[in-house]
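What follows draws every value from the coordinates through simple rules; no lab data is involved. None of these values were measured; they are calculated from a predicted model. Cβ placement follows ideal geometry from the backbone for every residue including glycine, while neighbour counts extend to all protein chains displayed.
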Amino acid sequence: MDGLAHIFLHVGLCNSVARLPEGSPIAMHVQMAYPHGDPPYDKMLNLVRGDEKELVVEFDVPRSEYHLQIAVPKYGCSSSSFVTVFADQNRKIAATLSEEPPGPPPILLLDGTAPTSFLYLKPTYVLFDSSLTCNQPIPATPLASQFDVDYDQGAYYLTMYADPALQSSAPVFTFRLRTPTGLAHYVRLPIKLPPGGYGWPSSVQFNITEDMIDGLATEKTGVLLCPKIWGTSAG
């Protein structure tokens, strides 16, 4: 059906499920919930423990942001994450079941489409102190931050987690992109971290194009770049 994305959900096993012998039945509840309204996918699945360290589930959902919740009630395992899905685009999502309580809540979802050439630049997401301005040399040490990144089918997906120290300092958010010679371009992104709290994370879609990547070829390395084509402005 047009407008749907096909999801390949790879669920890593928690210890109690991993210890089960092959052929054991596993009842797993999977829900993809909207911020509001009925979830488009909400099923109790009857699966069988195989010889792999993960279970794979496939289904279709519309383009949206979702709260993905997975639970194996019998064995006290669960997983919770927030994900973005683009229309007419497959996405592989990896989630790991755990008996432990969840870690820090996500604060920001940053995602967008990107050409394959973007991945060749080995992109990394780096935060710096708010005093850093355009064309200044990059400090030797970035700010500590916690995030997960996925690249899949011409898109990237970043989830950043709450950190009170970062949220109070208004850091500069950058892409670090490696050159063929091993140097790096640092491109400022037009993003301000939300104040945080609980509930649904803030969401920013920022698409990367070939023209944006090509435009970096003649730019300086090792300084904070603020090219207009990347939606930034001098600061």
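Report the gain in length on full extension from GLN136 to ASP152: 0.36 nm times residue separation, minus Cα-Cα distance, nm rounded to one decimal. Full-extension gain reported as 2.5 nm.
If you run the Gaussian network model on the chain, springs between alpha carbon atoms under 10 Å, then out of ALA155, ALA140, ALA170 the most flexible one is ALA140. Scaled to the globular estimate 2.2 N^0.38 Å, the Cα spread of the chain, given as radius of gyration, is 1.13. When the Cα positions of LEU183, SER78, ALA114 are compared along the charge dipole of the chain, LEU183 comes out farthest toward the positive end, with charges on each C-beta of Lys, Arg, Asp and Glu.
Of the cross-linked pairs LYS92/LYS220; LYS43/LYS122; LYS74/LYS192; LYS92/LYS228; LYS53/LYS122, those separated by over 30 Å at the C-alpha level are LYS92/LYS220; LYS43/LYS122; LYS74/LYS192; LYS92/LYS228. Residue by residue, the range 129-136 carries 3J(HN,Hα) couplings of 4, 5, 6, 6, 10, 4, 6, 7 Hz when phi is fed to the Karplus relation 6.51 cos²θ - 1.76 cosθ + 1.60 (θ = phi - 60°); x denotes Gly or Pro. Take every pair of alpha-carbon atoms less than 8 Å apart whose residues are at least six positions apart; their mean separation over the length of the chain yields a relative contact order of 19 percent.
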